[in-house]
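None of the figures in this text is laboratory data; all of them are computed from the coordinates on show. Treat the numbers as computed from the prediction; the structure is a model and nothing was measured. Note that each Cβ is placed from the backbone with ideal geometry, even for glycine, and that neighbours are counted across all protein chains shown.
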Amino acid sequence: VFHAEFGQSIEPRVSKWVGPLNIYLDIRAGDPTLYQRLVEAHVQDLADLTGLVIEIVPTADDANIFMVFDRDEELLRSAADYQPTIGQHAEQIAKTLCFGIYSVNSGFEIKRAVIGIPTDRAASLGKLPACIVEEMTQIMGLPNDSDEISPSIFNDSSEDNELTDLDRWLVRLLYDPAMKPGMDRQAALAQIR
């Protein structure tokens with residue numbers, strides 16, 4: 001919660017969604033039916049864990065989350081359609097398989113997110129489902145990866161392709177009503193204890 005993997009200058013405060021999440025799937029390469037099915041399964045899981053309304057919407061105009069599925073070599077340019085400044089983070093993004101970046105308002109409420117899935121590279125590595133699960137979960141307000149937590153989808157050394165029990169607890173804790181956007185680390189940890 002209090003650290004970013006890349007591309008975000010996040011103050012050490014709780015950031016989370018407080019309203020409905022509307023996801024637009026921009027599928028430019030690969031199997032739309034498969035991607036839709038994988039996203040729908042995780043949408044339901046996240047809705048159950050957070051208590052938020054999360055839906056897939058038919059147009060980008062209705063969305064606040066944009067999931068871009070494209071070939072690896074085109075992905076950054078495609079994602080820039082939704083986040084023009086994403087190119088500033090190209091070097092950091094190149095070190096990852098897939099990525100998710102979100103933005104917050106002055107009250108630390110997450111308002112918008114862009115997720116990039118390299119269809120060819122993720123599929124060839126057998127990581128397509130893991131990319132979808134990890135990035136969709138990270139844009140909920142858990143942006144950092146850490147080798148200190150295990151087993152976890154957020155551990156790059158892990159072979160997990162789905163949320164572990166630990167991951168589910170992290171999401172539940174973040175979305176407990178007592179965890180308010182903007183809480184600093186000390187207040188958040190006191191509340192969790």
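Computed from the C-beta positions of Ser150 and Leu173 and an R0 of 25 Å, the FRET efficiency is 0.90 to the nearest 0.05. Mean residue ellipticity at 222 nm, helices only, the chain: -10000 deg cm²/dmol; runs of at least 4 DSSP H residues each add -39,500 (n - 2.57), and the sum is divided by the number of residues.
When peptides 130-142, 74-86 are sorted by average Cβ neighbour count within 10 Å, with the highest value leading, the order is 130-142, 74-86. The residue list Ile56, Gly87, Leu128 was ranked by how far each Cα lies along the charge dipole of the range 27-174 toward its positive end, using unit charges on Cβ atoms, and Gly87 comes out on top.
Quote the relative contact order of the chain in percent (integer), defining contacts as alpha-carbon pairs under 8 Å separated by 6+ residues.
Details: 346 pairs, mean separation 50.3, N = 193.
The normalised contact order for the chain reaches 26 percent.
Close lysine pairs were tallied over the chain: pairs 8 or more places apart or on different chains with Cα atoms under 16 Å apart number 4.
Oblate is the label for the range 1-129. Its Cα gyration tensor axes, ordered a ≥ b ≥ c, give a/c of at least 1.5 and b/c at or above a/b. Approximating the spin labels as points 7 Å out from Cα along Cα→Cβ, the Ser106-to-Ala123 distance works out to 4.6 nm.
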